[in-house]
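Below: the structure, in structure tokens.
The values are calculated or read from the model by the stated rules, or taken from the named source; none is laboratory data. As the structure is a computational prediction, the values presented were derived from the model and not from experiment. FYI the Cβ positions are ideal-geometry reconstructions off the backbone, even for glycines, and counts take in every protein chain you see. Ligands, DNA and RNA are excluded from the accessible area calculation, which covers all protein heavy atoms including side chains. Shrake-Rupley method; radii C 1.70, N 1.55, O 1.52, S 1.80 Å.
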Amino acid sequence: MRIRGRVPAKAVDALVMLGYFLGAVYVLGHLWADPNGRYLTLNYQDSFTFEWFLTHATELFTKGESPFFSDDINSPLGVNLMANTSILTLALPLTPVTLWLGVGVTFAIISTLALAGTAIAWYWVLTRHFGRSRAAAAVGAAFLGFAPAMMSQIAGHPNIAGQYFIPLIIATVFKMRLPGQVWRQGIWLAVLVLLQAGINEEMLFFTAMALFVFILAYVPWRQLPGFAKVMLPKCGVTLLVAGVVLAYPLYFQFTGPQHYSGLDEGVRGINLDAYSYVTFGRYSIAGDVAEAARLNKNNASEENSFFGWPLALVLVTGAIALWRNRLSRALFITAGAFAVFSLGPTLRFNGVDRTETHGPWKWISQLPLFDSVVPTRLGLIVTVCVGVGLALLVDKLVVERLRPVAATVPAEVPALEPEPALVGTGSSDSAASGETPVEKPPARPLGRPEPSPRRSPKLALVWGVALLAALVPLFPTPQPADGRPPLPALFTNGNWRTKLPPNPVVAPLPGGWDDNIKMMRWSTETNFEVKVTAGYFLGPNDTNPEDKFAHFGPGYRDTIIYLNGVIRQRTSPAVTEQQKQMIRADIRFWKATNLVMPVGYYNEKVLRETIDKLVAPDVAPAQVVDGVYLWDVRSISGTG
């Protein structure tokens with residue numbers, strides 16, 4: 001039913017957007033119950049890391065710290081923040097919230113904004129720029145904001161789930177197909193690119209990849225030269241403006257301290273199981289946690305498919321029904337291409353790696369920049385194609401079949417259906433900007449306009465029921481959240497200022513994956529007044545200068561490797577002089593003032609006695625100070 005009048009239409013828009021916001025609060029309700037006292041269970045490591053980045057952003061205002069580099073973790077080498085996810089677009093404006101209400105509140109805000117903002121942005125673009133009816137846009141945008149992939153990414157990846165600038169970028173690119181407004185559209189696209197780059201560069205790269213494939217599938221090849229002639233000058237403006245602003249940050253990212261070159265082979269091999277595309281994931285009401293874990297190797301934060309077989313069946317049937325529609329066909333081709341790419345270099349089906357079968361991504365991943373892509377995340381492009389395709393399907397096969405034949409849907413800008421002309425009637429913007437008007441040739445459509453479906457309420461009902469049956473099982477479940485593990489009192493009560501030496505640098509032992517993650521909270525809780533030698537971040541392997549691939553956390557030095565072997569022993573082993581020299585070399589490398597191990601650590605007696613032996617006789621046995629075992633090693637490191 002068509003809504004007449006501006007006020008009712010705006011009211012509907014407001015209600016739909018409010019619904020998306022309430023949906024995001026529902027999904028994150030367990031976290032919102034106590035944002036500073038809880039964390040998202042399924043990806044705690046990234047949750048704590050993002051809180052560290054959000055807190056570090058406040059240092060730009062309170063201490064004048066660099067936004068691109070920090071040695072507060074991974075001391076003394078530090079971390080290249082541009083080569084990680086510093087989310088400055090969000091962290092900087094939310095600094096007052098972080099300082100006033102706590103970093104947990106800021107994290108909850110950006111997570112909520114990621115889901116609701118993405119759905120709202122897509123609703124706006126689908127109704128205003130792609131000419132979809134409000135009912136169709138509401139369905140498509142709801143999927144785009146709350147799809148299984150989005151539910152997976154929001155578990156610790158608000159930078160990836162936060163895609164609200166992506167639909168605006170796509171809409172701007174499609175508007176650029178019409179002549180005129182070269183500088184205006186080019187600069188506006190540059191602004192959006194800069195904002196998205198400050199949230200997540202990876203999604204920006206994915207958008208460029210998807211647009212490239214989509215345009216090749218959508219635009220008739222004979223019209224590609226004319227299409228490029230109109231768009232390239234505007235893209236040049238975007239490249240100029242965005243390039244000037246991003247020149248130094250990107251230079252620092254790719255050549256600055258602690259930069260890396262691509263991801264290691266293990267991360268580049270994280271792919272989707274082909275069978276997962278027709279299975280329900282753990283985040284849907286029809287999902288099975290055990291099945292999702294089996295298919296996705298228990299990687300709860302990268303379930304980027306899991307559409308379920310009913311939706312897969314409806315989508316394939318809808319694509320066949322709308323195959324003459326160029327937009328539908330291009331979406332289907334783009335989704336199919338990236339579904340294949342998301343399977344990675346080695347295909348997997350039904351939980352079994354088919355090591356003898358390689359996908360095309362095996363060769364694509366060898367290219368520069370593509371070697372930094374995690375294949376499973378290419379499923380996010382499929383999700384976007386499915387969401388936009390759902391809006392098109394609802395519009396064409398449900399709404400238009402219920403609408404009187406003579407009725408039309410007004411659009412504020414030319415929609416993609418019927419397909420737009422490559423060149424139009426020009427724009428007054430040319431005169432305003434001082435550009436020389438160019439005589440426009442007759443408009444040439446990008447393809448034949450498809451006839452609107454005839455009114456057919458019964459068939460519309462069939463499609464409506466089928467869509468409902470396919471989408472209801474995907475209704476998201478709330479994200480689980482738990483109370484934060486307690487921290488040693490030394491790092492929470494302010495006593496580090498009196499019980500640690502000036503300018504303290506602490507080395508957490510025994511070290512390793514879990515300790516690297518926990519240290520992020522030590523750093524945050526002490527407001528970066530205590531530097532730590534560990535951390536959870538992306539950087540090169542400092543123990544092997546030849547290895548420039550990105551790794552999680554610092555390289556495992558000899559002391560870490562040795563103590564992680566001791567942790568499994570029943571008694572403290574005798575230490576050799578070589579092992580004593582080993583820990584001394586590491587202490588000097590770290591420039592550590594103290595070694596620290598939490599009280600209550602697994603097998604703590606054996607570990608404490610072993611560390612005592614390793615640092616003796618230069619350092620006294622450990623003291624228990626506010627929940628930690630503490631060794632003062634300044635006599636070895638020569639610091640302090």
Pick from 117, 140, 131, 104: which is touching a residue at least 12 places away in the same chain (Cβ under 8 Å) and part of a loop (DSSP other than H, G, I, E, B)? 131
With the first residue restricted to segment 257-280 and required to be over 18 Å from residue 553 (Cβ atoms), and the second required to be surrounded by fewer than 18 Cβ atoms within 10 Å (Cβ to Cβ), Cβ contacts under 6 Å at 6 or more apart or on different chains are 274/349; 275/349; 275/350; 278/309; 278/312; 280/286
Of the residues 41, 98, 62, 85, only one is polar (S, T, N, Q), over 24 Å from residue 516 (Cβ atoms) and open to solvent by 10 Å² or more (accessible area, probe 1.4 Å); which? 62
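For (1) under 13 Å from residue 75 (Cα atoms); (2) more than 28 Å from the chain's Cα centre (by Cα); (3) of a type in the set (D, E, K, R), each residue gets a yes or a no:
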{"residue": "496", "(1), (2), (3)": "no, yes, no"}
{"residue": "529", "(1), (2), (3)": "yes, yes, yes"}
{"residue": "548", "(1), (2), (3)": "no, no, yes"}
{"residue": "552", "(1), (2), (3)": "no, no, no"}
Take the conditions of a type in the set (Gly, Ala, Ser), open to solvent by 50 Å² or more (accessible area, probe 1.4 Å), more than 18 Å from residue 373 (Cβ to Cβ) and modelled with pLDDT of 95 or more and apply them to residue 247. Does it pass? yes
Counted residues in segment 540-563 being in contact with a helix residue (DSSP H, G or I) (Cβ under 7 Å, 6 or more places away or on another chain) and more than 16 Å from residue 591 (Cα to Cα) come to 3
Inside segment 281-305, the number of residues satisfying the requirement of being without any contact (Cβ under 8 Å) to a residue 24 or more places away in the chain and over 20 Å from residue 156 (Cβ atoms) is 3
Residues being closer than 27 Å to residue 499 by Cα, of a type in the set (A, V, I, L, M, F, W, C) and part of a loop (DSSP other than H, G, I, E, B): count how many of those fall in segment 568-615. 2
Restricting attention to segment 492-517, and to residues there that are free of Cβ contacts under 8 Å to residues at least 40 places away in the same chain and crowded, with 19+ Cβ neighbours inside 10 Å, which single residue is nearest to residue 636 (Cα to Cα)? 496
Kindly indicate whether any position in segment 476-484 is out of contact with any Leu (no Cβ under 6 Å at 6 or more places or on another chain), surrounded by 20 or more Cβ atoms within 10 Å (Cβ to Cβ) and assigned to a helix (DSSP H, G or I). no
Out of curiosity, is residue 224 under 13 Å from residue 194 (Cβ atoms) and either modelled with pLDDT under 95 or in contact with a helix residue (DSSP H, G or I) (Cβ under 8 Å, 6 or more places away or on another chain) (or both)? no
If I ask for residues that are under 25 Å from the mean Cα position of the chain (by Cα) and β-branched (Val, Ile, Thr), which ones from segment 123-142 would you list? 125, 139
Unique residue being in contact with an Asp or Glu (Cβ under 6 Å, 6 or more places away or on another chain), closer than 27 Å to residue 42 by Cβ, open to solvent by less than 40 Å² (accessible area, probe 1.4 Å) and of a type in the set (Gly, Ala, Ser) when the list is 269, 281: 281
Can you give me the number of residues within segment 117-134 that are open to solvent by 30 Å² or more (accessible area, probe 1.4 Å), over 22 Å from residue 478 (Cβ atoms) and at pLDDT 95 or above? 1
Is segment 592-600 home to any residue that is touching a strand residue (DSSP E or B) at 6+ places or on another chain (Cβ under 9 Å), crowded, with 22+ Cβ neighbours inside 10 Å, more than 18 Å from residue 490 (Cβ to Cβ) and β-branched (Val, Ile, Thr)? no
Here the residues within segment 239-290 that are within 21 Å of the chain's Cα centre (by Cα), of a type in the set (Asp, Glu) and in a loop (DSSP other than H, G, I, E, B) are 264, 273
Sole miss for residue 455 among (1) in contact with a strand residue (DSSP E or B) (Cβ under 6 Å, 6 or more places away or on another chain); (2) open to solvent by 70 Å² or more (accessible area, probe 1.4 Å); (3) more than 30 Å from residue 611 (Cβ to Cβ) is condition (1)
